[in-house]
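The values are calculated or read from the model by the stated rules, or taken from the named source; none is laboratory data. In this text the structure is predicted, and so the values were computed from the model without any measurement. Cβ sites come from the backbone with ideal geometry, for glycine too, and all protein chains shown count toward neighbours. These accessible areas exclude ligands, DNA and RNA; they are computed on the full protein's heavy atoms, side chains included. Shrake-Rupley method; radii C 1.70, N 1.55, O 1.52, S 1.80 Å.
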Amino acid sequence: MRTRVFAGLTTGALALTALTGTAAQADDRASASRATPPKITKVTVNGGKDLVVGVSKKTFTIKVTATDDSGILIAFAALWRGGTSADNPQTILVPDIRMGDCVRNSDTTSTCTLKAVADPKASNRLFDLTNAGAGKWHVAVAADSMDDGAVERQKYATHQVKRAAKLTADATPEPVRRGDALTVSGSLTRADWNTHKYNGVASSAVKLQFKKKGTSTWRTVKTVKADSRGKVRTTTKPTADGDFRLSYPGTATTAGVTSKADFVDVR
């Protein structure tokens, strides 16, 4: 009977232990078959970009490439955090998997494209995103070969999962006289995965940036701090026509964001 590295969900957790024989290590397991285990050669989560989630569910892609002399039957991956392993995680993001998701690149190598959902409103606690879950997640991967070989890596890599942010900017007055004060105000908010609303980001550093008309380069005029409600307000004295915007660099748990540009006519 062919072994399966990922057998599905058992008691609400991903069954990464559905291998025959004795596992070598928790993070590097191979089947007891005499066949040489396949090799995982590449894993890409969300196109290599941070997984940024707002207050509603977001579908993202995981691509797994594996190789074996006999060919690849199927490959799989999931994101997990907390707990001791992907066998018993605090939270896990598990893709749907179908045999058609895997495409042969050659006789020995296949790439499996998997669709997963990150959902702050998931009804099952195991799949539910909360604010505490923002940050670094482990990437677990596994593959089965055509000759019953199997391999599993519970900590193949890590990937950042971040809360989405929003930032507005408005410059007044418009137009403004050369040398007079221009006020730029805005609001910095981020997704709260617990309440499913966007709330102000307090005391965060935000950059005021300017791009002169006819150029393509943004320069930072100054850095200011948002107040306790995420409100930003600062002044500057422009000397030329151009665009103003606010930019927030983000953190390990919150995605960076830049406001729309507001053009100011200086007279």
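How large is the accessible surface per residue of region 162-267, computed with a 1.4 Å probe and reported in Å² as a whole number?
Values: 5630 Å² over 106 residues.
I get 53 Å² per residue for this part.
Taking the alpha-carbon distance from K57 and a cut-off under 16 Å, which aspartates and glutamates remain once sequence neighbours fewer than 8 residues away in the same chain are dropped?
D96, D119, D128, D192
Tally Lys/Arg at +1 and Asp/Glu at -1 over every other residue whose Cβ is under 10 Å from the Cβ of P38; what's the total? Spell out each step's value before the answer.
Details: positive: K39; negative: D68, D69, D144, D147.
Surrounding charge for P38 is -3.
Which listed residue (L126, V264, A205) has the Cα farthest towards the positive end of the charge dipole for the chain, taking +1 on Lys and Arg C-beta and -1 on Asp and Glu C-beta about the Cα centre?
Going by the charge dipole, the pick is V264.
List the residues, sorted by chain then number, that are 5 or more residues from A157 or on another chain and whose placed amide H is less than 5 Å from its amide H.
Amide H neighbours of A157, under 5 Å, 5+ apart: V139.
Mind checking the dipole of the chain: about its Cα centre, +1 per Lys or Arg Cβ, -1 per Asp or Glu Cβ, Debye to the nearest 20? All intermediate terms of the calculation are to be shown ahead of the outcome.
On the way: 40 positive and 24 negative charges, 291 e Å.
The calculation lands at about 1400 debye.
Under the Karplus relation 6.51 cos²θ - 1.76 cosθ + 1.60, θ = phi - 60°, what is the ordered set of whole-Hz ³J(HN,Hα) values for region 48-63, x standing for Gly and Pro?
Once θ is set to phi - 60°, the couplings for region 48-63 become x, 9, 3, 8, 9, 10, x, 9, 10, 5, 10, 8, 9, 10, 10, 10 Hz.
Can you flag which of K121/K166; K42/K166; K49/K231; K197/K222; K162/K197; K166/K222 are past 24 Å Cα-Cα?
Working: K121/K166 20 Å; K42/K166 33 Å; K49/K231 28 Å; K197/K222 30 Å; K162/K197 15 Å; K166/K222 20 Å.
Result: K42/K166; K49/K231; K197/K222 exceed 24 Å.
Apply the Karplus curve 6.51 cos²θ - 1.76 cosθ + 1.60, θ = phi - 60°, to the phi angles in region 250-265 and return the couplings in whole Hz, x for Gly and Pro.
x, 9, 5, 10, 10, 6, x, 7, 10, 6, 5, 7, 10, 7, 10, 8
Quick check: at a probe of 1.4 Å, how many percent of the accessible area of the chain sits on carbon and sulfur atoms?
On the way: 6250 of 13370 Å².
With neighbouring chains kept in place, the figure for the chain is 47 percent.
For region 66-112, run through the trypsin sites (Lys or Arg not before Pro) and keep only the ones in DSSP coil with at most 12 other Cβ atoms within 10 Å of their Cβ. Present the calculation step by step, with values, prior to reporting the outcome.
Numbers: sites: R81, R98, R104; in loops: R98.
Sparse-neighbourhood loop trypsin sites (Lys or Arg not before Pro): R98.
Report, in whole Å, the centroid distance computed from the Cα atoms of region 83-135 and region 37-74.
So the two Cα centres are separated by 9 Å.
Let's test the formula: R0 of 25 Å, r as the Cβ-Cβ distance of T84 and A122. What FRET efficiency results, to the nearest 0.05?
Values: r = 22 Å, r/R0 = 0.87.
That gives a FRET efficiency of 0.70.
Let me make sure I get this right: for the chain, a, b and c are the square roots of the gyration tensor eigenvalues over alpha carbons, sorted descending. Under 1.5 in a/c it's rounded, otherwise prolate if a/b > b/c, else oblate. Which is it?
Values: a/c = 3.90, a/b = 2.48, b/c = 1.57.
Since a/c reaches 1.5 and a/b is larger than b/c, the shape of the chain is classed as prolate.
Given H placed 1.01 Å from N in the peptide plane, which residues other than close sequence neighbours of Y198 have an amide H under 5 Å from its amide H?
The list, which skips near neighbours in sequence, is D192.
Straight distance only, please: which aspartates and glutamates reach the Cα of K155 with their own Cα at less than 19 Å, same-chain residues fewer than 8 apart left out?
D27, D28, D50, D87, D144
Which of the aspartates and glutamates could be linked to K260 by a straight reach, that is with a Cα gap under 12 Å, when you skip same-chain ones fewer than 8 residues away?
D170, D243
Considering amide H positions built from the backbone, and no H for Pro or chain starts, which residues 5 or more places from L129, or on another chain, come under 5 Å of its amide H?
Placed amide hydrogens put D119, K121, A122 under 5 Å from L129.
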